[in-house]
Amino acid sequence: MESEDDMHDANDVEYLDDDFYSGETDDVPMDYYSDYDDDADDYFDDGDYSGRFQSRRSEQNFTILKESDIQQRQEDDINRVAAVLSLSRVSASILLRYYNWSVTRVHDAWFADEDGVRKTVGLLEKPVVQHANTTELTCGICFETYPRARIETASCGHPYCISCWEGYISTSVKDGPGCLTLKCPDPTCGAAVGQDMINLLVSDEDKEKYACYLRRSYIEDNKRTKWCPAPGCEYAVSFGAGNGNYDVSCLCSYSFCWNCIEEAHRPVDCGTVAKWILKNSAESENMNWILANSKPCPKCKRPIEKNQGCMHMTCTPPCKFEFCWLCLGAWSDHGERTGGFYACNRYETAKQEGVYDETERRREMAKNSLERYTHYYERWASNQSSRQKALSDLHQMQTVHIEKLSDTQCQPESQLKFITEAWLQIVECRRVLKWTYAYGYYLPESERARKQFFEYLQGEAESGLERLHQCAEKELQVFLDDEDPSREFNDFRTKLAGLTSVTRNYFENLVKALENGLSDVNSNGANSSKATSSKNAAGSSKRVGRGKGTIRASISSRMTDDNLWSCEHCTYANAKSATTCQMCNQQRR
């Protein structure tokens with residue numbers, strides 16, 4: 001007979017809002033699959049498809065910048081500042097670099113205190129050193145006298161020969177991006193050295209390096225832009241004010257979090273990700289393993305693992321101390337009278353007296369902690385491996401299989417985009433599922449109802465993703481092996497597109513639920529006000545059953561079209577006359 005606590009836990013899941021599981025969103029109603037099934041050719045029309053895809057992309061709050069885009073934006077900002085402040089482009093560039101390429105900050109500072117800005121940045125209105133109409137000048141570095149044609153000056157007027165300028169600038173460029181804030185060689189002078197002098201005096205190689213530093217500074221010094229952290233990627237990202245979603249997908253196919261620059265990790269927050277990564281790389285779990293599976297030598301205190309054999313232990317050289325594994329006493333005090341090689345009477349007696357209680361408790365706690373961490377880490381790593389495999393399969397699909405399938409099935413590649421969309425969804429869902437294990441690891445054990453609800457959602461997500469993955473991998477292989485067009489291909493297209501949509505909707509709702517802290521269940525196991533209202537609205541009717549069956553039954557009851565019935569297994573909307581689900585082949589109940 002079930003306890004009151006068990007019945008209570010079942011109800012925690014039972015009365016939650018059905019919208020989460022139904023796969024129903026504002027954009028994709030429940031009769032979506034029926035419409036798609038009836039008019040598949042219209043759905044896969046290239047124009048309609050691109051419209052649907054673009055509607056999803058329009059929700060992005062970031063822009064991917066190529067090198068040409070970066071250069072164009074940089075030029076536009078320089079020209080804008082130069083026009084407004086009536087400065088040269090070189091001076092405008094120096095100002096923007098100082099204010100981290102913020103046009104607004106430049107304007108505010110300039111109009112508030114132009115003289116102060118000029119002095120701080122090094123834009124002098126008139127030379128500090130005046131030169132009469134002399135034909136020769138002395139270089140301030142080598143102190144040689146040169147004709148005026150061999151002397152160059154910054155805005156301050158300090159004279160240096162071309163050779164000394166070349167050495168000074170070239171050395172600064174080789175030292176790195178610090179050359180962007182280059183000042184006059186005179187230690188008492190703060191006059192800025194602009195790009196015009198760089199281009200005039202140094203080699204083509206140094207000019208290119210300086211231009212590269214300048215271009216990179218536009219991204220690295222600007223708070224609204226960052227480089228994609230993927231190895232070898234040269235794209236940048238401009239991020240706008242959004243809705244709290246920091247996930248960015250670069251054109252190189254790498255997704256990352258704008259906030260912490262780690263791999264994209266929704267629904268887990270950046271703080272949890274930092275703790276999880278630190279835990280995976282730290283020595284804490286090694287110490288737990290040592291504590292749980294080893295004992296210190298009584299003499300030298302080095303940890304020793306016993307994996308087989310008798311209780312007679314000998315420490316490694318140079319210690320070589322012989323002791324009993326159970327009681328850690330010297331083996332010279334042991335023998336037949338203490339239980340022989342496979343037992344220890346002294347240990348059993350001391351254990352009954354409670355001598356080893358604290359040690360055993362600590363070892364047991366370490367073992368439980370290690371087992372729990374291993375459970376979550378292995379599944380986290382497994383989904384990461386599956387995601388990498390899916391990425392490889394996606395690349396193979398895009399480069400080889402799509403073209404072959406197009407020829408075999410006599411269909412244009414534009415009508416096979418549903419396959420690519422399915423694989424992209426698999427890759428994304430593997431990423432989400434991977435991070436749910438980090439989420440689960442840090443979910444407090446004391447919140448039983450919330451943890452039970454989370455594990456249910458996670459299990460449903462995993463089983464739904466496996467159905468999609470199997471369809472995209474194994475069922476598609478049948479058509480890849482065909483030599484002639486198959487009549488069943490359109491049915492497969494309907495099934496795969498439907499599974500993709502169902503899986504996408506479920507995972508989107510899963511992410512939202514986890515980001516909201518599973519607000520449908522409070523820490524005491526009681527339902528939220530929304531769930532309670534839903535329960536009260538049901539009147540005096542009683543729900544029968546537990547867990548998945550109850551929820552699926554409520555999904556099945558959410559039909560708005562008398563000509564359709566919803567599968568309890570995958571929520572696909574089937575024709576009323578069908579006795580098995582066209583999506584998952586489950587019998588109608």
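The values are calculated or read from the model by the stated rules, or taken from the named source; none is laboratory data. Predicted model only: the values in this text are computed from it and were never measured. With ideal geometry, Cβ positions are generated from the backbone for all residues, glycine too; neighbour counts draw on all protein chains shown. Protein only, heavy atoms only, side chains kept; ligands, DNA and RNA dropped before computing areas. Shrake-Rupley method; radii C 1.70, N 1.55, O 1.52, S 1.80 Å.
Below are the figures for this structure:
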| read-out | value |
| --- | --- |
| Qualifying position, being over 30 Å from Glu403 (Cβ atoms), among the basic types (Lys, Arg) and crowded, with 21+ Cβ neighbours inside 10 Å, among Lys451, Lys434 | Lys434 |
| Matching residues, segment 231-265, being within 19 Å of Leu391 (Cα to Cα), open to solvent by 40 Å² or more (accessible area, probe 1.4 Å) and not small (Gly, Ala, Ser) | Pro231, Leu251, Cys252, Tyr254, Glu262 |
| Some residue of segment 191-209 being touching a residue at least 12 places away in the same chain (Cβ under 8 Å), open to solvent by less than 40 Å² (accessible area, probe 1.4 Å), part of a loop (DSSP other than H, G, I, E, B) and among the small types (Gly, Ala, Ser) | yes |
| Top-ranked residue of segment 290-341 - restricted to ones that are among the polar types (S, T, N, Q) and surrounded by 14 or more Cβ atoms within 10 Å (Cβ to Cβ), ranked as modelled with the lowest pLDDT | Thr338 |
| Residue list for segment 392-410, restricted to those being over 19 Å from Ser501 (Cα atoms) and touching a residue at least 12 places away in the same chain (Cβ under 8 Å) | Asp393, Met397, Gln398, His401, Ile402, Lys404, Leu405, Thr408, Gln409, Cys410 |
| Unmet requirement for Pro444, which otherwise passes all of (1) over 18 Å from the mean Cα position of the chain (by Cα); (2) assigned to a helix (DSSP H, G or I) | (2) |
| The lone exception for Asn505 - which of (1) modelled with pLDDT of 90 or more; (2) buried (at least 20 other Cβ atoms within 10 Å of the Cβ); (3) closer than 24 Å to Tyr373 by Cα it fails | (3) |
| Test: Ser86 is more than 31 Å from the chain's Cα centre (by Cα) and crowded, with 19+ Cβ neighbours inside 10 Å | no |
| Inter-residue pairs, beta-carbon under 8 Å, first free of Cβ contacts under 8 Å to residues at least 60 places away in the same chain and in segment 468-487, second assigned to a helix (DSSP H, G or I) and open to solvent by 80 Å² or more (accessible area, probe 1.4 Å), 6+ apart | none |
| Ala366 being within 31 Å of the chain's Cα centre (by Cα), within 30 Å of Lys279 (Cα to Cα) and surrounded by 18 or more Cβ atoms within 10 Å (Cβ to Cβ) | yes |
| Answer residue from segment 124-144, given it is in contact (Cβ under 8 Å) with a residue 24 or more places away in the chain and open to solvent by 50 Å² or more (accessible area, probe 1.4 Å) and is nearest to Val193 (Cα to Cα) among those | Leu124 |
| Any hit, segment 145-157, residues being of a type in the set (Ser, Thr, Tyr), more than 21 Å from Ile70 (Cβ to Cβ), surrounded by fewer than 15 Cβ atoms within 10 Å (Cβ to Cβ) and more than 44 Å from the chain's Cα centre (by Cα) | yes |
| Meets criteria (within 22 Å of Lys495 (Cβ to Cβ) and buried (at least 19 other Cβ atoms within 10 Å of the Cβ)) for Ala390 | yes |
| Given (1) modelled with pLDDT of 85 or more; (2) over 30 Å from Ala497 (Cα atoms); (3) not hydroxyl-bearing (Ser, Thr, Tyr), number of the condition Trp423 does not satisfy | (2) |
| Residue count for segment 92-121, restricted to those that are part of a helix (DSSP H, G or I) and within 34 Å of the chain's Cα centre (by Cα) | 6 |
| Residue that is most open to solvent (accessible area, probe 1.4 Å) [pool: residues in segment 397-431 that are among the hydroxyl-bearing types (Ser, Thr, Tyr) and over 20 Å from Arg467 (Cα atoms)] | Thr399 |
| Any hit, segment 167-176, residues being crowded, with 21+ Cβ neighbours inside 10 Å and in contact (Cβ under 8 Å) with a residue 24 or more places away in the chain | yes |
| Any chance Ser163 is touching a residue at least 60 places away in the same chain (Cβ under 8 Å) and either part of a helix (DSSP H, G or I) or open to solvent by 10 Å² or more (accessible area, probe 1.4 Å) (or both) | no |
| Residue ID - nearest to Trp380 (Cα to Cα), chosen from residues in segment 217-230 that are open to solvent by 20 Å² or more (accessible area, probe 1.4 Å) and modelled with pLDDT of 90 or more | Pro229 |
| Segment 513-533: number of residues that are at pLDDT 80 or above, surrounded by 13 or more Cβ atoms within 10 Å (Cβ to Cβ) and not small (Gly, Ala, Ser) | 3 |
